[in-house]
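The values are calculated or read from the model by the stated rules, or taken from the named source; none is laboratory data. Here the structure is a predicted model, which means the values were calculated and not measured. Using ideal geometry, Cβ is built from the backbone for each residue, glycine included, and neighbour counts are taken over all protein chains shown.
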Amino acid sequence: MENCVIEESEERAPVCPKCGVEIDHLDVYCHEENRYRVSLMTKDNSLDWSTSEVIEGTETKRDYECPECNSYLFKTDNPHSLEKDVIVPFLRGIEGSWRETLYEVAPDAER
């Protein structure tokens, strides 16, 4: 079987493989350390958590979700491992091996 080269003209909007809706982005949840500045609000003795900073290099996990149905599509414990071969082709609407990395969960499992 010959290698199939996908031309840019073959690109199309991605469709969520779980709900079938055409999407233009994914929602990504990153697990990483953050540093917060916590201040006391003198008026009501509550805490103000309004200032935060992501600690670079501490990301340990990414969960990619459909923005329409909120289903997990891809999960990884290696934050950059899926970008080139999975996420970019998926968002370009190119069919391919990204289907092999879809996250499957038992119907009764909790998120």
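Does S39 fit the bill of being touching a Phe, Trp or Tyr at 6+ places or on another chain (Cβ under 6 Å) and either under 27 Å from E11 (Cβ atoms) or polar (S, T, N, Q) (or both)? It would help to see each step written out before you state the result.
Values: touching a Phe, Trp or Tyr at 6+ places or on another chain (Cβ under 6 Å): no; either under 27 Å from E11 (Cβ atoms) or polar (S, T, N, Q) (or both): yes.
So S39 does not fit the description; no.
Those residues that are closer than 13 Å to D63 by Cα, in contact (Cβ under 8 Å) with a residue 24 or more places away in the chain and not aliphatic (A, V, I, L, M), I need them from the range 78-92; list them, please. The one that is closer than 13 Å to D63 by Cα, in contact (Cβ under 8 Å) with a residue 24 or more places away in the chain and not aliphatic (A, V, I, L, M): P79.
Any idea which of Y36, Y64, Y103 is surrounded by 10 or more Cβ atoms within 10 Å (Cβ to Cβ), part of a loop (DSSP other than H, G, I, E, B) and either in contact with a strand residue (DSSP E or B) (Cβ under 9 Å, 6 or more places away or on another chain) or touching a residue at least 40 places away in the same chain (Cβ under 8 Å) (or both)? Walk me through it before giving the result.
Numbers: Y36 fails: part of a loop (DSSP other than H, G, I, E, B); Y64 fails: part of a loop (DSSP other than H, G, I, E, B).
Just a single option satisfies the conditions, and that option is Y103.
The number of residues in the range 53-102 being closer than 18 Å to D24 by Cα, at pLDDT 90 or above and among the charged types (D, E, K, R) comes to 4.
The set of residues in the range 1-33 that are at pLDDT below 90 and either in a strand (DSSP E or B) or loosely packed, with under 10 Cβ neighbours inside 10 Å (or both) comprises M1, E2, N3, C4, V5, E7, E8, S9.
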